[in-house]
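Structure, as structure tokens:
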Amino acid sequence: MIRTAAILGLLLTAAACEKEAGRELNRQGTFGEATLNNAAVMSGERSFAIQLASRFAKEVPATINFDFDSAGLDQAARTVLDQQAHWIKQFPEVRFRVFGHTDAVGSNAYNKALGLRRARAAVNYLVSRGISRSRLEAVVSHGETQPLIPTPERERRNRRTVTEVSGFLKRHPSVLDGKYAQIIYREYLESAIPGTTLTEQKALERSLQ
């Protein structure tokens, strides 16, 4: 009787586990991707990447905007990208993605291509400010599918790119050694050193030279 109950329990457990561990992190992923996600969580990489993504979103403007039907960077966009480049240089172990968006005017195919051009424009500018292109991972365009302001009309706030932390650079020595905590601890110690407006401005100017 006990053996039968045990077997029944195992069958019920197996039936409940329709998806492999970690699948919910990527619904479209394969088993290999799920395993990779689980490994990232267990090693701490996923947690630290999330922490850095949160810091980036809080400390640096992540979004720039564009004129209608344009992928050109105006002065306001370049100023934001300069700030992003300065922040990115402080974390040589980290990779980033740039997502391109458009408003709803025009066909979906055209807007997808336009969003991609905008994302590439932002990436190219970051590269010109000294960021390695290998750290600016995949350039992804969402076209018109993720508006901030739902409207079929022209809307500048929807014409944007968004820069986000995407993970760690696998070939970096500190990452290869699994020293994710040291990356965070280093920045934690540096953040405790007060800086004047003048010294912070000089640091920014040096990083942009």
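Descriptive notes on the structure:
- Helices (runs of 4 or more DSSP H) contained in the stretch 40-150 and holding at least 1 residues in contact with a helix residue (DSSP H, G or I) (Cβ under 8 Å, 6 or more places away or on another chain), charged (D, E, K, R) and on the phi < 0 side of the Ramachandran plot: 45-59, 75-89
- Contact map, the stretch 148-161: first residue surrounded by fewer than 19 Cβ atoms within 10 Å (Cβ to Cβ), second residue part of a helix (DSSP H, G or I), Cβ cut-off under 7 Å, separation 6 or more or different chains; pairs are LEU148/ARG157; LEU148/ASN158; ILE149/ARG157; ILE149/ASN158.
- Set side by side, the residues GLY130, GLY195 differ, and just one is over 18 Å from the mean Cα position of the chain (by Cα), modelled with pLDDT of 60 or more and small (Gly, Ala, Ser), which is GLY130.
- Listed by first and then second residue, the pairs linking a residue in the stretch 79-95 that is without any contact (Cβ under 8 Å) to a residue 40 or more places away in the chain and of a type outside the set (Asp, Glu) to a residue that is open to solvent by less than 10 Å² (accessible area, probe 1.4 Å) and part of a helix (DSSP H, G or I), with Cβ atoms under 9 Å apart and 6 or more places separating them unless they lie on different chains, are TRP87/PHE56.
- Condition check for THR63: of a type outside the set (A, V, I, L, M, F, W, C), touching a strand residue (DSSP E or B) at 6+ places or on another chain (Cβ under 8 Å), surrounded by 22 or more Cβ atoms within 10 Å (Cβ to Cβ) and modelled with pLDDT of 95 or more: no
- For the stretch 123-136, a tally of residues being under 24 Å from ASP69 (Cα atoms), open to solvent by less than 60 Å² (accessible area, probe 1.4 Å) and without any contact (Cβ under 8 Å) to a residue 40 or more places away in the chain returns 2.
- VAL139 surrounded by 13 or more Cβ atoms within 10 Å (Cβ to Cβ), β-branched (Val, Ile, Thr) and modelled with pLDDT of 95 or more: no
- Residue within the stretch 97-107 that is surrounded by fewer than 19 Cβ atoms within 10 Å (Cβ to Cβ) and under 26 Å from GLY167 (Cβ atoms) present: yes
The values are calculated or read from the model by the stated rules, or taken from the named source; none is laboratory data. Note that the structure is predicted; figures quoted are calculated from it, not measured. Here the Cβ is made from the backbone with ideal geometry for all residues, glycine too, and neighbour counts use every protein chain on show. Just the protein is used for accessible areas: all its heavy atoms, side chains included, with ligands, DNA and RNA removed. Shrake-Rupley method; radii C 1.70, N 1.55, O 1.52, S 1.80 Å.
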